Amino acid sequence: MSGKFHVPTDMSVLAAMDALRTRSGMEMVFVANVLPSCDAVQVTSTHGARTGTMSDLVVHRGAGLGGKALLLNRPVAVSSYKSASGITHDYDAQVLGEGLETLAAFPPVLSGSPDVLIYLGNRRRINLGERWYEHLRPWVQQLVHAVSAPVRPPDRSTSLESTLSDSEIAFLLRELDEIVDEMDSEALRTRLAQVRARLGGPRAARGPANPPNLTRREIDVLREAARGLTNRAVGANLNLVENSVKAYLRTAMRKLNVTNRVQAIIAARALGLID
């Protein structure tokens, strides 16, 4: 790991970023604030980062993915960033340094604030559709509201346990688990794991105790969908009608306990069911 991280200290912002990351099925969320000139945004908060390459990054209007979203005032996404031809590549060192393959940007008009642009990133290739943006709009706006809310100074007369909800404590424990797993230094990993153990609570599960029993057809459909194909194209490849493809996707999502096909693909990959 290198560089510095901009992890927000406000728990409402952290919780909103975590909710958006979970709902989207993406690995990284970062928030950029529109600068006073209105010609650029600067990354101010990240969640799910493995490096510090995105911290403080200034993206100018029309440059890169976020700059294009700012210029066009509409969502912009690329499923293969390195080879994307519709954007400039001014920020390749930062984006590729974080290992991001799929990248999406929600401009101020969609986020509900004139001052905030939201990015979502994933380290695997995912093809995103228009309905994906609409599905995420409430969680994007929830994050923008949390970012825009005035920060109140902490009440020093209360304890940590009384100021944090159970869900916020659980979120912090999951964050520690992820950090422990991603650290390169064995010595630091051990020290942090010891601190984590003293905080108590069960360690976040790395996967379901009983992996879902997907049928061969459900796995085949997910594998084809992971290639970015439409339901009709998936059906043509597998000799299925489109409604059958939809039915297999629905049952796979139910078994994987997710709500959309992007999350289903990510979950299936995490379980080793598809490449």
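The values are calculated or read from the model by the stated rules, or taken from the named source; none is laboratory data. Remember, it's a predicted structure, so these values are computed and weren't measured experimentally. Heads up, the Cβs are rebuilt from the backbone with ideal geometry, glycines too, and the neighbour counts pull from every protein chain shown. Side chains included, ligands, DNA and RNA excluded: accessible areas come from the protein's heavy atoms. Shrake-Rupley method; radii C 1.70, N 1.55, O 1.52, S 1.80 Å.
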Exercise for the section: Only residues that are open to solvent by 50 Å² or more (accessible area, probe 1.4 Å), under 19 Å from the mean Cα position of the chain (by Cα) and of a type in the set (Ser, Thr, Tyr): list them for the range 34-62, please. Expected result: THR44
Practice task
Among the helices (runs of 4 or more DSSP H) lying completely within the range 27-124, list those that include at least 2 residues that are more than 17 Å from VAL144 (Cα to Cα) and not aliphatic (A, V, I, L, M).
Solution key: 64-72, 92-97
Exercise for the section: For LEU100, state whether it is at pLDDT below 90, within 19 Å of TYR133 (Cβ to Cβ) and open to solvent by less than 50 Å² (accessible area, probe 1.4 Å). Expected result: no
Practice task
Please specify each residue of the range 228-263 satisfying the condition of being touching a residue at least 60 places away in the same chain (Cβ under 8 Å) and open to solvent by less than 40 Å² (accessible area, probe 1.4 Å).
Solution key: GLY228, VAL258, ASN260, VAL262, GLN263
Exercise for the section: Within the range 218-227, work out how many residues are surrounded by fewer than 19 Cβ atoms within 10 Å (Cβ to Cβ) and modelled with pLDDT of 90 or more. Expected result: 2
